[in-house]
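What follows is one structure encoded as structure tokens, with my remarks underneath.
The values are calculated or read from the model by the stated rules, or taken from the named source; none is laboratory data. Remember, predicted model here, so these are calculated numbers, not experimental data. All Cβ positions, glycine included, derive from the backbone under ideal geometry; neighbour counts span all protein chains shown.
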Amino acid sequence: MEVNYHDYLQLDNILNAQALESDKHNLSAHDEMLFIIIHQAYELWFKQLHHEVNSIVAIMKKPALNDNSPELQTVVHRLNRIATILRVLVHQIDIMETMTPMDFLDFRDMLRPASGFQSWQFKELEAKLGLKFQHRHGQEYYTAQLRKEHVDAIKKTESEKSLLELVNGWLERMPLAPSWPNAEEPFWDDYRSRYENSLAEGEKDNLSAFDETFLEISNVKSETSNSDRSLSAEASRAALFIMLYRGYPLLQQPFQLLNALLEIDEQLSSWRYRHMNMVHRMIGTRIGTGGSSGKDYLKAAADKHYIFKEIAQLNSFLIERRKLPQLSHELEKKLGFAG
């Protein structure tokens, strides 16, 4: 049987899935169609993001991942696709902002208590990536308006290993990063000394953060306890080593993986802030249709919901390339192409 474009895409279902509340009230609200289609498009993209993350998690869950294998390249490729989709989500707000506040008021009150805050797919996506419940803003509120089956789906995801946790495990298994302490190869003692010498007078406290992050040496000045961290000291050392020596062939794919995670966080942040500014533009200081504080809630969540922030913070511990410790000939050979 031949495949038909219309049937394959189930266009009857899709094109008839826009039921305007304003039509039910015999009122004219031209922009409600735009509002519905944009949010439906968001939910379809969220579904695709789940599809990509699920496939990445399935690969990263394996007990061993060859860093020079097609699997790692697949992970990097799909992470980059996620970042690209998120850029599209940010730009969709440009279309939404062609709707003026008065256009929105034509149908806004008819939507109560429906709200974008009820997008269970987005909340579950955050959990899959690694946003922990204890790090969420408005913990008592974030599932309050969801249906039970959607709350159950999110809670189930929160009980499973997130992408961030799997990345931590992958970094801990990194075979080429120098260990600490290691009397035979004092790489980290050498690097710490070089890092200390690179600090300006106002940055001296960074050394305490270095000790806690990479060497698990606690310091009373630290604001974040190791128990609250998502990356272990071993994983942090491996990630920093990848960043420092990414020019070596064997570390290029691992570096691209870490860079893709930072790009995802950046795009999520851009989306949250664009959404917050759009809401402020549309309703000012009024409460959202779901009962939240509107812009204030969105701003607090945007400020707090960075998932891969510990990877981004490793950039605080970089030094100039020309000052890097020289690697042993044996390690350089392992990091290069076999031959």
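Condition check: among the basic types (Lys, Arg), under 28 Å from residue 37 (Cβ atoms) and in contact (Cβ under 8 Å) with a residue 12 or more places away in the chain. Does residue 132 satisfy that?
No.
Report whether or not residue 79 is surrounded by 12 or more Cβ atoms within 10 Å (Cβ to Cβ) and outside any helix (DSSP H, G or I).
Numbers: surrounded by 12 or more Cβ atoms within 10 Å (Cβ to Cβ): yes; outside any helix (DSSP H, G or I): no.
Considered against the rule, which asks whether it is surrounded by 12 or more Cβ atoms within 10 Å (Cβ to Cβ) and outside any helix (DSSP H, G or I), residue 79 comes out as no.
Among what's in the range 1-18 and is modelled with pLDDT under 95 and either of a type outside the set (Asp, Glu) or on the phi > 0 side of the Ramachandran plot (or both), pick the residue that is surrounded by the fewest Cβ atoms within 10 Å (Cβ to Cβ). First the steps, then the outcome.
Within the range 1-18, the subset modelled with pLDDT under 95 is 1-3.
Still in the list and also either of a type outside the set (Asp, Glu) or on the phi > 0 side of the Ramachandran plot (or both): 1, 3.
Working: 1: 4, 3: 6.
That would be 1.
If I ask for residues that are under 12 Å from residue 305 (Cα atoms) and in a helix (DSSP H, G or I), which ones from the range 127-151 would you list?
Within the range 127-151, 127, 129, 133, 134, 135 qualify.
Within the range 86-113, track down each residue that is under 23 Å from residue 24 (Cβ atoms) and in contact with a Ser or Thr (Cβ under 6 Å, 6 or more places away or on another chain).
107, 111, 112
Looking only at the range 43-53, decide whether some residue is surrounded by fewer than 16 Cβ atoms within 10 Å (Cβ to Cβ), over 23 Å from the mean Cα position of the chain (by Cα) and over 21 Å from residue 166 (Cβ atoms).
For the range 43-53, residues surrounded by fewer than 16 Cβ atoms within 10 Å (Cβ to Cβ), over 23 Å from the mean Cα position of the chain (by Cα) and over 21 Å from residue 166 (Cβ atoms): absent.
Residues being exposed (fewer than 14 other Cβ atoms within 10 Å of the Cβ) and farther than 17 Å from residue 38 by Cβ: count how many of those fall in the range 106-129.
Here is the first cut: in the range 106-129, the residues exposed (fewer than 14 other Cβ atoms within 10 Å of the Cβ) are 109, 112-114.
If we keep only those that are farther than 17 Å from residue 38 by Cβ too, we end up with 109, 112-113.
Number of matching residues: 3.
Restricting to the range 60-103, and then to whatever is among the basic types (Lys, Arg) and either at pLDDT below 90 or within 15 Å of residue 258 (Cα to Cα) (or both), can you tell me which residue is farthest from the chain's Cα centre (by Cα)? Can you show your working first?
Of all residues in the range 60-103, those among the basic types (Lys, Arg) come to 61-62, 78, 81, 87.
Retained after the next criterion (residues that are either at pLDDT below 90 or within 15 Å of residue 258 (Cα to Cα) (or both)): 62, 78, 81.
Values: 62: 21, 78: 13, 81: 13 Å.
Residue satisfying both the conditions and the ranking: 62.
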